[in-house]
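Peer 1: Just dropping this structure here.
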Amino acid sequence: EVAVKTASLNDLNDYLQKRNQAKDHVIAIMNHDILTPLKYLHITAKNTAEQIDEAGLKNSIDQIARTSKELEYLTSNMLNWVKFENINELPNCQTIELHQFVQGLLEFVAPFKLNDSIKIENKIPLETEIVNWNDALRVIIYNIIVNAIKSTKNGLIEVSYHSTVSHYEIIISDSGEGMSASMIHYLITGHSKDQVELLPKYKKGNGIGYQIIRHLVKLMQAELHITSKENTGTEVRLKFLINNSK
């Protein structure tokens with residue numbers, strides 16, 4: 001009996017330690033990636049008030065818009081982390097018209113584009129219906145598309161769809177900077193041996209997005225596959241078994 005209770009307490013202790021690590025991770029991101037944009041937003045707004053020439057004013061307003069959008073993205077991820085992290089089961093799923101669903105997301109993330117040389121195309125056929133979890137799927141695809149935009153200075157980002165009798169896939173591909181095998185392993189598993197996520201090239205502060213993605217993919221009993229090489233773009237595949245989406 002003592003052994004059983006000891007094992008139970010050890011399991012609880014391990015769980016609490018992991019929870020504390022996750023909270024520390026969120027706090028660190030909030031300190032750097034939310035407070036810093038807020039400070040930058042304040043400085044830019046102050047400079048805007050002091051601008052006289054129209055060109056300078058426009059540039060400052062554009063900076064405010066981009067910073068505000070980034071802050072919205074980070075805040076949204078924090079809220080989604082709180083919303084989904086502690087649940088072990090998703091609510092009932094529903095029928096989704098996928099082309100319209102993705103089109104709405106693409107319009108929402110358009111302000112993240114830094115220039116018009118980035119093209120984003122919705123290749124999903126019209127009237128494509130799937131059965132899935134609306135909110136969870138939105139969070140996943142939203143994060144993947146934003147990551148694609150941030151890694152693509154110019155070129156093409158595509159969202160496409162493939163189905164078979166047993167499963168369907170939602171594919172997000174880009175022609176951006178790509179990533180190493182170590183980074184792919186980290187994004188899929190949350191673990192790395194060489195701490196590649198700390199390299200300046202990859203340390204962009206939005207790693208919590210994939211923390212949420214990994215948790216939701218597990219709840220959906222889905223699969224996440226990433227194919228990429230540095231300087232050759234990235235392809236992310238979300239695979240859903242048709243019998244699991246019910």
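Peer 1: Can you tell which of Gly155, Asn231, Ile144 lies farthest toward the positive end of the dipole of the stretch 87-246, using +1 and -1 charges on the Cβ of basic and acidic side chains (Lys, Arg; Asp, Glu)?
Peer 2: Asn231
Peer 1: Round to a whole angstrom and tell me the spacing of the C-alpha centers of the stretch 83-103 and the stretch 152-198.
Peer 2: Cα centroid to Cα centroid, the span is 20 Å.
Peer 1: Given the C-alpha atoms of the stretch 66-151, compute the convex hull and give its volume per residue in Å³.
Peer 2: 95
Peer 1: Let me ask something else. Quick check: residue separation of Gln195 and Lys119 times 0.36 nm, minus the Cα distance between them. What number comes out in nm?
Peer 2: 24.1 nm
Peer 1: Also, I was wondering about something else. Suppose the chain between Glu89 and Ser8 were pulled fully straight at 0.36 nm per residue; how much longer would it get relative to their current alpha carbon spacing?
Peer 2: Full-extension gain reported as 26.9 nm.
Peer 1: I've got another one for you. Expected output is a single nm value to one decimal: the length gained when fully extending between Asn134 and Gln17, i.e. 0.36 nm times separation in residues minus the C-alpha distance. What is it?
Peer 2: Working: separation 117, 0.36 × 117 = 42.12 nm, distance 3.15 nm.
That pair, Asn134 and Gln17, stretches by 39.0 nm at full extension.
Peer 1: With each label point set 7 Å from Cα along the Cα-Cβ vector, what nm distance links Lys58 and Leu79?
Peer 2: Between Lys58 and Leu79, the simple spin-label model gives 3.3 nm.
Peer 1: Can you tell me the order of 214-225, 115-126 when each peptide is scored by its average per-residue count of other Cβ atoms within 10 angstrom, highest first?
Peer 2: Descending mean neighbour count gives 214-225, 115-126.
Peer 1: Spin-label point model (7 Å from Cα, Cβ direction): what's the Leu241 to Lys153 distance in nm?
Peer 2: So the label points at Leu241 and Lys153 sit 4.4 nm apart.
Coordinate-derived values only; no laboratory data. Nothing here was measured: the structure is a model prediction, and the numbers come from that model. Don't worry about glycine lacking a Cβ; one is built from the backbone with ideal geometry, like all the others, and counts go over all protein chains shown.
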